[in-house]
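Only one structure is covered here, and it is reproduced in the block below.
The values are calculated or read from the model by the stated rules, or taken from the named source; none is laboratory data. Just so it is clear, the structure is predicted and the values come from calculations on it, not from any experiment. Positions of Cβ are backbone-derived with ideal geometry, glycine not excepted, and every protein chain shown enters the neighbour counts.
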Amino acid sequence: MIETYAIRRPEAQESPIARQIREDLGIDVARCLECGKCTGGCSYAAGFDYTPRKIIQLVKLGEFDKLLSLDALWTCLSCQLCVDRCPSGINIPRIMDYLRARAHRANSNITHKNIEKFYEIMLSDIKNRGRISETIMMIKYNLAIKNLFANASFGKKLFLKGKLKFFSPRTHNIKTIQPLFRRLSEKDGQA
Amino acid sequence: MSKADTAALIIGGGIAGLETALKLGQGGYTVILAEKESALGGNVAKLHSSFPRWEDPQELIKVKQAELKTLPSVRVLANTEITGLQRQSGGFTAHWTDRATQKSGSLPVQALIFATGFELFNASVYGEYGYGIYKNVVNSLEFEHLLGMYEQRAIHVPESIAFFKCVGSRDRSKGFPYCSKICCMYTAKQAGLVKKISPDTQCYVFYMDYRASGKEYEEFVRQVIEERKVRYVRGRPSKVVLENDKLLVRFEDTLIGVPMEASVDLIVLASAVVPRPETLALARMLGLKTDDYGFVEPVYGSPVRIEERIFMAGGCGFAIESLGAIAQGAAAAAEVTALFNKSE
């Protein structure tokens, strides 16, 4: 753990996770200038346990277990401001996606199980229907988190404004969606 | 051949070109100094105070200009743009246009000195900083003008000023990968001068690292931090928003790792040093090699020789301090002297 001030010995080489990120995503964290422009612009830094610059630093240090149990993985809004501001063009949201997927597969200590559930349900909806049916998805989600009326009042408002429909049709050409998921699961098999 | 038969054309009358003209003129060589603007002095003539000894650059320009006037072999062509350059045996033909009278002509010269200087990167590329949108976000050269007015008490010094370094420098996504070299020092000078004029003004300098590798440079920056009480913050600002006539700067203090905000009245952007497009155009006329950015390049082993008969001095080669530009100006004069003596 890195919270303590016990003296550590950093690796002089590229850490295994930094190498995986470079090979799998083509993103080299060695480009980081450590300027903190990502964190300064971050929409939700106040709600993070580790801010974007520190996450990159964890990657450099090879703190793999720490990275997979980050709270920030699940509270990140994926607003893309960090990559937009980064003077080195490091795609931090892509790294966050990658770490989220790794955490999910590794069944690691995920601090926001609900958010993980939400991602699961949303992706299975897209896989089966080609698009999201918000109402059905919200019901599934509420069932999954065992709180049937979560966000119900908010849903009602959206419904009255015509923003939410009971049924959304499947996408016309569902056949184009499935190969995407097939390709992704093949990639997963390799990783 | 006598000295009167060989002439050197210096393109640009900033501090580097002035120095070359002075040294060649003192040696009795025929010099034509072409300056596009109406006055000599270039960027240095716009500056207030200097590092590392708080000396007056405008005074320096005045002294050099007065000295130049005493030299009979130096011809200064103000308002004059060099519009064409052609090679011919033993030298060049230079075409010029007088920007005031629209007159034009050409002259034969035996040596060329590029002293065309640099300009600042257009910081409006960074939407997040609001340059060109908020009137109180200025670049560092525009701020020099304000400094002059603060010195003369012509306008009030604001209550708080933020200086952003590396705006366009060290940025591979929207600017340039290189370090512009001079910004660390002139920013320290600007902030230090503000504190001298108005000790109550709060000055923040946002930096990634401060680079002070020169004689007395480190001591200068420490003096600005320790004695003049300029607040140095390690972090690159990420956002500027307008809030009740003030500018709210968002950044991370990367030493403690916490996102922070500062409310200021004025923001000064230390924009990257970039080559002038005119330099590139002139270099192309002669088929000269430039670097990837458009700065002219001397050969390995000489600080100023680009090729036979063609030299450079000052900011057209890369970002450079005024004293460095003077050194290059003098070196170019030495190279021309050696060349002319060889041909004689």
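Residue-wise test of (1) at pLDDT 95 or above; (2) hydrophobic (A, V, I, L, M, F, W, C); (3) farther than 29 Å from B:Val241 by Cα.
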residue	(1), (2), (3)
A:Gln13	no, no, yes
A:Ile17	yes, yes, yes
A:Arg22	yes, no, yes
A:Leu25	yes, yes, yes
A:Cys38	yes, yes, no
A:Ser43	no, no, no
A:Ala46	no, yes, no
A:Asp49	no, no, no
A:Pro52	yes, no, no
**Filtered residues of region B:28-39 (kept if crowded, with 22+ Cβ neighbours inside 10 Å, assigned to a loop (DSSP other than H, G, I, E, B) and not acidic (Asp, Glu))** = B:Tyr29
**Message:** Looking only at region B:239-259, how many residues end up being buried (at least 21 other Cβ atoms within 10 Å of the Cβ), touching a Leu at 6+ places or on another chain (Cβ under 9 Å) and within 14 Å of chain A (Cβ to nearest Cβ)?
**Reply:** 1
**Complete:** Quick count over region B:292-344, residues being in a helix (DSSP H, G or I) and of a type outside the set (Val, Ile, Thr), is 22
**Identity of the residue in region A:60-77, crowded, with 21+ Cβ neighbours inside 10 Å and in a helix (DSSP H, G or I), that ends up farthest from the chain's Cα centre (by Cα)** = A:Leu67
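Looking at region A:78-114, which of its residues are within 14 Å of chain B (Cβ to nearest Cβ), crowded, with 16+ Cβ neighbours inside 10 Å and farther than 14 Å from A:Phe48 by Cβ?
Residues of region A:78-114 within 14 Å of chain B (Cβ to nearest Cβ): A:79-92.
Now narrow it down to the ones that are crowded, with 16+ Cβ neighbours inside 10 Å: A:81-88, A:90-92.
Selection gives A:Val83, A:Asp84, A:Arg85, A:Cys86, A:Pro87, A:Ser88, A:Ile90, A:Asn91.
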**Asked** If you go through region A:39-51 one residue at a time, do you hit one that is assigned to a helix (DSSP H, G or I), surrounded by 21 or more Cβ atoms within 10 Å (Cβ to Cβ) and more than 9 Å from chain B (Cβ to nearest Cβ)?
**Response** no
**Asked** Inside region B:213-238, can you point out the residues that are away from every other protein chain (no Cβ under 14 Å) and of a type in the set (Gly, Ala, Ser)?
**Response** B:Ser213, B:Gly214
**Request:** Name the residue, out of B:Leu18, B:Leu24, that is in the same structural domain as B:Pro298 (by TED's automatic domain parsing), in contact (Cβ under 8 Å) with a residue 40 or more places away in the chain and farther than 30 Å from B:Thr187 by Cα.
**Result:** B:Leu24
**Prompt:** Got at least one residue in region B:157-171 being touching a residue at least 60 places away in the same chain (Cβ under 8 Å) and in a helix (DSSP H, G or I)?
**Reply:** no
**Asked** Going by the structure shown, is B:Ser124 within 26 Å of B:Phe318 (Cα to Cα) and without any contact (Cβ under 8 Å) to a residue 60 or more places away in the chain?
**Response** yes
**Request:** Show the residue pairs that are 6+ apart or on different chains and have beta-carbon atoms under 9 Å apart, the first residue being within region B:221-233 and of a type in the set (Phe, Trp, Tyr), the second being part of a strand (DSSP E or B).
**Result:** B:Tyr232/B:Tyr204; B:Tyr232/B:Val205; B:Tyr232/B:Phe206; B:Tyr232/B:Tyr207
**Message:** Given (1) under 24 Å from B:Gln110 (Cα atoms); (2) among the hydroxyl-bearing types (Ser, Thr, Tyr); (3) surrounded by fewer than 19 Cβ atoms within 10 Å (Cβ to Cβ), identify the lone condition not met by B:Thr80.
**Reply:** (3)
**Request:** Residue by residue through region B:57-80, note down the ones that are among the hydrophobic types (A, V, I, L, M, F, W, C), within 20 Å of B:Arg99 (Cα to Cα) and free of Cβ contacts under 8 Å to residues at least 60 places away in the same chain.
**Result:** B:Leu77
**Prompt:** Restricting to region B:63-77, what's the tally of residues that are loosely packed, with under 14 Cβ neighbours inside 10 Å and not in a loop (DSSP other than H, G, I, E, B)?
**Reply:** 3
**Prompt:** For the subset of region B:157-172 comprising residues that are touching a helix residue (DSSP H, G or I) at 6+ places or on another chain (Cβ under 8 Å) and not hydrophobic (A, V, I, L, M, F, W, C), which member is nearest to the other protein chains (Cβ to nearest Cβ)?
**Reply:** B:Arg172
**Message:** Between A:Glu120, A:Glu134, which is over 30 Å from B:Ser169 (Cβ atoms), away from chain B (no Cβ under 14 Å) and at pLDDT 85 or above?
**Reply:** A:Glu120
**Request:** Go through region A:24-38 and give me each residue that's more than 7 Å from chain B (Cβ to nearest Cβ) and in a loop (DSSP other than H, G, I, E, B).
**Result:** A:Gly26, A:Ile27, A:Asp28, A:Cys32
